[in-house]
Amino acid sequence: MRPEIEDLEPSGIARIALPRFTDPDVIPLWIGEGDTITAEFIREAAKRAIDEGHTFYAHTRGRAELRDAIKAYLDRVYGIDLDPERISVPGSSMMGITLAAQMSVGHGRHALIVSPNWPNIENTLRATGADVSFVRQRVENGRWHLDAQDIIAAVRADTHAIYINSPCNPTGWIVPQTTLESLLALCRERNIVLISDEVYHRTVFDRDVAPSLITLAGDDDPVIIVNGFSKAWAMTGWRLGWMIAPARYATHIAVLSECFNTGAPSIMQFGGIAALRDGEALVETLRTQYAGARDIVMEVLGRHPRVALPQPEGAFYAFPRVDGIGSSLAFAEKLLQEYDVGVAPGYTFGPDNDEHFRLCFAQSHGRLTEALGRIVACIDARG
């Protein structure tokens, strides 16, 4: 086995969650999904696809109907006219990130991650053989913050990829448009691939959609945008996402998709078409639910004397720092074993996060309130 594969370890999320993943006694705030099932009109579209016999292989870059629907959606939301040849649907959003990593880095190349970050990103980049480092967001004036110059200063001579996620899992930080412009200018100059994970693009609370490189990057720019259906339309189990990349990458994306998973399942793609065409009211309903849940989290944890919690600007996570927590893994284990609440330990989201834990607040409000009460009890019991 290659050393870079043998050295990979399960994320802290998997380490905590998998032993009791289906335990009905646990209130699960550890995984990035809520307790709302996918909407009926999306499920019905997939059922019709089965009944109509769409059970065969699809194009490795996605069905033409779905790619057309993605273009129409992105054109409407961002006010653009996107070249459809830039759109690919290789499978899940995570598959898109995996393909972007495979295309941009490997042995002898460096990848820079804007952190705190979802742990799968680090493992995906390390699996290529690349050297990986981090530039960390910081809290300023009660908000998560990072300047473009902080990122630029962390770039090395051998940097070939920069990964950025906005709105951010786990902090909720939203990258400003001016920062995106500065990063794009750097990547153009240095020919660095800018991997922009925008899967929470509609989970924002002070605007309709988060700033995106899709409004800035041209077809010749070294930018790969990854997005998908899991979060905005509550379709986590469908494993369906898309990539926006230079059209000249289309053949390579198709080849890699064929190697990794032979393309996204046809049945799921019909659900994606329905979500894009008829799902705007759903997006707004979910966003309203998540905004209310954020308010509950801030009311309970944001006022706790031992908790520092900047209000998330987007996504549906809180990433509180607990004074004196010591080991985030030990805290998460205690919370699970003694209080039946599952959260993700902070250490798994990159360096310098061991006083933090992450909770997903995309839950029904009553269930979330119960979980938060147990979390407070666990914090208070630690003295």
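Please indicate, with yes or no, whether at least one residue in the range 14-21 is without any contact (Cβ under 8 Å) to a residue 60 or more places away in the chain and within 19 Å of ILE375 (Cα to Cα).
Let us first name the residues in the range 14-21 that are without any contact (Cβ under 8 Å) to a residue 60 or more places away in the chain, namely 14, 18-19, 21.
Filter again for within 19 Å of ILE375 (Cα to Cα), leaving 21.
Yes, the range 14-21 contains at least one residue that is without any contact (Cβ under 8 Å) to a residue 60 or more places away in the chain and within 19 Å of ILE375 (Cα to Cα).
Given the structure, is ILE325 closer than 18 Å to TRP238 by Cβ, crowded, with 18+ Cβ neighbours inside 10 Å and more than 20 Å from the chain's Cα centre (by Cα)?
So ILE325 fails the test.
Report yes if some residue within the range 50-67 is closer than 25 Å to ARG287 by Cβ and assigned by TED's automatic domain parsing to the domain that holds ARG374; otherwise report no.
Among the residues of the range 50-67, not one is closer than 25 Å to ARG287 by Cβ and assigned by TED's automatic domain parsing to the domain that holds ARG374, which makes the answer no.
So which residues in the range 338-354 are under 17 Å from TRP118 (Cα atoms) and in a loop (DSSP other than H, G, I, E, B), if there are any at all?
Across the range 338-354, the qualifying residues are VAL343, GLY350, PRO351, ASP352, ASN353, ASP354.
When the range 89-114 is examined, which residues are found to be part of a strand (DSSP E or B), under 19 Å from PRO246 (Cα atoms) and hydrophobic (A, V, I, L, M, F, W, C)?
VAL89
Could you grab me the full set of residues in the range 204-215 that are under 20 Å from MET103 (Cβ atoms) and free of Cβ contacts under 8 Å to residues at least 40 places away in the same chain?
Once the filter is applied, which keeps residues that are under 20 Å from MET103 (Cβ atoms) and free of Cβ contacts under 8 Å to residues at least 40 places away in the same chain, the range 204-215 yields only LEU213.
Conditions: (1) in contact with a Pro (Cβ under 8 Å, 6 or more places away or on another chain); (2) in a helix (DSSP H, G or I); (3) more than 25 Å from ALA254 (Cβ to Cβ). GLU122 meets all but one. Number of the miss?
Here GLU122 meets the rest and fails (1).
Pick from LEU335, LEU329: which is under 26 Å from THR124 (Cβ atoms), in a helix (DSSP H, G or I) and among the aliphatic types (A, V, I, L, M)?
Going through LEU335, LEU329 in turn, just one is under 26 Å from THR124 (Cβ atoms), in a helix (DSSP H, G or I) and among the aliphatic types (A, V, I, L, M): LEU329.
Output the number of the condition that ALA185 fails; it satisfies all remaining conditions of (1) in contact (Cβ under 8 Å) with a residue 24 or more places away in the chain; (2) outside any loop (DSSP other than H, G, I, E, B).
Every listed condition holds for ALA185 apart from (1).
Is one or more of the residues making up the range 199-207 buried (at least 21 other Cβ atoms within 10 Å of the Cβ) and part of a helix (DSSP H, G or I)?
no
Out of the residues in the range 82-100 that are more than 18 Å from ASP68 (Cα to Cα) and of a type in the set (A, V, I, L, M), which is surrounded by the most Cβ atoms within 10 Å (Cβ to Cβ)?
Selected residue: ALA100.
Determine, yes or no, whether PHE357 is touching a helix residue (DSSP H, G or I) at 6+ places or on another chain (Cβ under 7 Å) and either under 18 Å from GLY12 (Cα atoms) or not in a helix (DSSP H, G or I) (or both).
For PHE357, the condition - touching a helix residue (DSSP H, G or I) at 6+ places or on another chain (Cβ under 7 Å) and either under 18 Å from GLY12 (Cα atoms) or not in a helix (DSSP H, G or I) (or both) - is met.
Picking from ARG358, ARG374, which residue would you name as being under 22 Å from ARG138 (Cα atoms) and of a type in the set (D, E, K, R)?
ARG358
The values are calculated or read from the model by the stated rules, or taken from the named source; none is laboratory data. None of these values were measured; they are calculated from a predicted model. FYI the Cβ positions are ideal-geometry reconstructions off the backbone, even for glycines, and counts take in every protein chain you see.
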